1. Can you give the angle from 0 to 90° between the axis of helix 106-122 and the longest principal axis of the chain, with both taken from C-alpha atoms, to the nearest 10?
2. What's the magnitude of the charge dipole for the chain around its Cα centre, counting Lys and Arg as +1 and Asp and Glu as -1 at the beta-carbon? Answer in Debye, nearest 20.
3. How big is Rg to Rh over the chain, alpha-carbon atoms, Rh as the Kirkwood inverse-mean-distance radius?
4. Non-local amide H neighbours of Leu25 (under 5 Å, H modeled in plane, Pro and chain starts lacking H): which ones?
5. Place +1 on the Cβ of every Lys and Arg and -1 on the Cβ of every Asp and Glu in the chain, take the dipole about the Cα centre, and give the residue among Asn122, Ser248, Tyr191 whose Cα lies farthest towards its positive end.
6. Normalise the Cα radius of gyration of segment 1-147 by 2.2 N^0.38 Å (N = residues in it) and let me know the number.
7. Can you list, largest first and rounded to whole Å, the semi-axes you get for segment 47-98 by taking the square root of 5 times each eigenvalue of its Cα gyration tensor?
8. Give me the compactness ratio for segment 106-200, meaning the Cα radius of gyration over 2.2 N^0.38 Å.
Amino acid sequence: KKEYGEKVLFKDIEFSISENEKIGLIGLNGTGKSSLLKIIAGIEEMDGGMIDKPKDYRVSYLGQSVDVDEDEKVSAFIYRNDSPVFQTVRKYEELLEQMKGNPNDSSLLDKMFKLQAEMDANGGWEIHSNAQIMLNKLGIKDLNAKMGSLSGGQKKRCALAKALMEKADLLILDEPTNHLDYDSIEWLQEYIQAYQSSVLFVTHDRYFLDEVTKKIWELDKGQLHSYDGNYEKFLEIKAIRDEMELKSAHKVSRLFQQEL
């Protein structure tokens, strides 16, 4: 259950997310889609109910707005993560920058050799390479740029790359295609299709929904309806459901008239 003041966004809704599911969440503006995503991500508290998930279940969340440290570099933002491998890659990037001004410093060279050994041991090179590829695909070329120098759209792209890199059990994306050009949307579509974990997302891009989803959740009048299939399949089933509801309402109306 979630409410704001006297307005109840949703109540007594139930759902489950299985491994490797690709779920699109749709609904009119103001129905509580973003609130539901935040509750599942653990960012916002619910007003009733419970969420059950396995121990050590990892959730990665991309919101519509991105909070950043304006003085933080893109590379530092991307690798900001509690995971040891991400911390190693972050130190590697920082040391590379230091060595540009002091390429022959023996103490820096020693640190570099140790970090390179760590990168070899824990798969840091793959993380480093993936970050370069993702940022390039999303139009971010300068990893040493400060986050404060980026536009709102560029910050969102950096946050998207960060979320994708975390390889969580559940990836939650709120309007991920906003601020992306056609090529970037096409790349993201293919990336999510091949993504090995579950994805739950909100988007107004109907084509993206149709290509990526295997299940549609519809938040409507405080209730959550689940449909198997992509967006096109949802439209078919939704039309049948609406027709049945109209027939049912008409039948009730006729019965009411007879009783009167």
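1. With rounding to tens, the tilt is 40 degrees.
2. 220 debye
3. Numbers: Rg = 23.0 Å, Rh = 21.0 Å.
That ratio equals 1.10.
4. Amide H neighbours of Leu25, under 5 Å, 5+ apart: Phe201, Val202, Thr203, Trp217.
5. Ser248
6. Normalised by 2.2 N^0.38 Å, the Cα Rg of segment 1-147 equals 1.42.
7. After diagonalising the Cα gyration tensor, the semi-axes are 30, 17, 6 Å.
8. Ratio of Cα Rg to 2.2 N^0.38 Å: 1.26.
The values are calculated or read from the model by the stated rules, or taken from the named source; none is laboratory data. Predicted model only: the values in this text are computed from it and were never measured. So basically every Cβ, Gly included, is an ideal-geometry build from the backbone, and we count neighbours across all protein chains shown. The area values use the complete protein model at the heavy-atom level, side chains included, leaving out ligands, DNA and RNA. Shrake-Rupley method; radii C 1.70, N 1.55, O 1.52, S 1.80 Å.
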